[in-house]
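Everything below concerns the one structure shown next.
Throughout, read-outs are computed from the coordinates displayed, never taken from laboratory work. All values reported here derive from a predicted model rather than from experimental measurement. We place every Cβ from the backbone using ideal geometry, glycine too, and count neighbours over all the protein chains shown.
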Amino acid sequence: MVLSQEPQNAPILEELMKNEAFDRISGFSAGAFASWAPRLYRYQSDCVTKLIEKDQQLRRDGTHPDPGKEELRRNWPKTPWAAAALNFGPQTICFRHADYNNLAFGWCAITALGSYDYRKGGHLVLWDLKLVIEFPPGSTILIPSSAIHHANTRIQAGERRYSFTQYSAGGLFRWLENGFKTVKAHHSTLGPERTASLLDDLSNQLELGLSLFSTVEELEVARNISISVPEKLL
C-alpha cells in the first residue's frame, strides 16, 4: 500500500501503477476474485480498508508514530490486495516454492506478460495438484499461494516473459486481529483466560479459512447459473 523501493525506482513504479493496463489487470483480477470466492474477497479487502482507516485516524489524532511517511492507500481502486510486485525479467522464471509469508488461506493473483510461445514454455506448474498448465501472455490465475507449491517453466531463447503478482502478507491480518499490535505486544496484555481463548481461536484458523471458500454449488445457487467443471478436475 506504500511503495517499498529504492528512491530512484519509486517514480518509475508510480508511473507504471498509473498505467491503464495495470489498472485494468487489477480490476479484472479483483472481479474474478469477488466472483469465485466472495467471502474471502471481502475478508481480504476489509483488512486493507481497516488498515487504511487506522492510518488516517492516527494522523487526524496526531498520534501517528511516523507522520512523515506516505499515507496508506490502495494500489488500485478496487484491489483487495495490500501489495503488488512487478518482475521485469526479461525471462522471468519462478522456481518451485510456496509463499509462506502470505495469508495462509488467502488467494493471490498471478499475471504473465511478455511475448513467448506458451505451447513451448512459460507453463504454470501447480506441484501439489500435479498440474502443468499452458499459460499464455496476458493470463491471470488466482491461487492460495501460501498453500500450493507453484513454479513456471523456462521460455525459449529470444522470448520475453514478465510477471505481475498481487498478494497480502499474513502479518497484516495478525496485526489487525491483535488490535494493531504485534503478537508479542498483544499477548503481553492478556490474562490467563483470555490467552487460553486466543490459543483456542488460533487452533481453528484452518476451519476459518475453509469457511471463507465457496463451493461450485453455492455459487450456482447464488447466481442462478450452471457452472461446468471438466471431469478430470473433479
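List of remarks:
- When each of 78/181; 18/78; 78/120; 78/130; 50/184 is checked by Cα-Cα distance, pairs over 23 Å: 78/181; 78/120; 78/130
- Cα gyration tensor shape of segment 1-64, rounded if a/c is under 1.5, else prolate or oblate by comparing a/b with b/c: oblate
- Largest GNM mean-square fluctuation across 89, 122, 31, computed for the chain with C-alpha springs under 10 Å, falls on 89.
- Among the GluC sites (Glu not before Pro) in segment 49-113, those placed in a DSSP loop whose Cβ has at most 14 other Cβ atoms within 10 Å are 70, 71.
- GNM on the chain, alpha-carbon springs under 10 angstrom: the most fluctuating residue among 23, 128, 66 is 66.
- Helical content of the chain, expressed as a calculated mean residue ellipticity at 222 nm, amounts to -11500 deg cm²/dmol (DSSP H runs of 4 or more residues, -39,500 (n - 2.57) each, divided by residue number, nearest 500).
- The label point for residue 39 and the one for residue 88, both projected 7 Å from the Cα toward the Cβ, are 4.3 nm apart.
- About the centre of its Cα atoms, the chain shows a dipole size close to 320 debye [charges on the beta carbon of Lys, Arg (+1) and Asp, Glu (-1) only; nearest 20 debye].
- Paramagnetic reach from residue 12 (point 7 Å along Cα→Cβ, amide N under 20 Å) across segment 76-92: 84-92
- Here each label is just a point 7 Å from Cα along the line to Cβ, and for residue 19 and residue 178 those points are 3.7 nm apart.
- Of 83, 21, 104, the one that fluctuates the most in a GNM where the chain has Cα springs shorter than 10 Å: 21
- Segment 120-234 shape via C-alpha gyration tensor axes, a/c threshold 1.5: oblate
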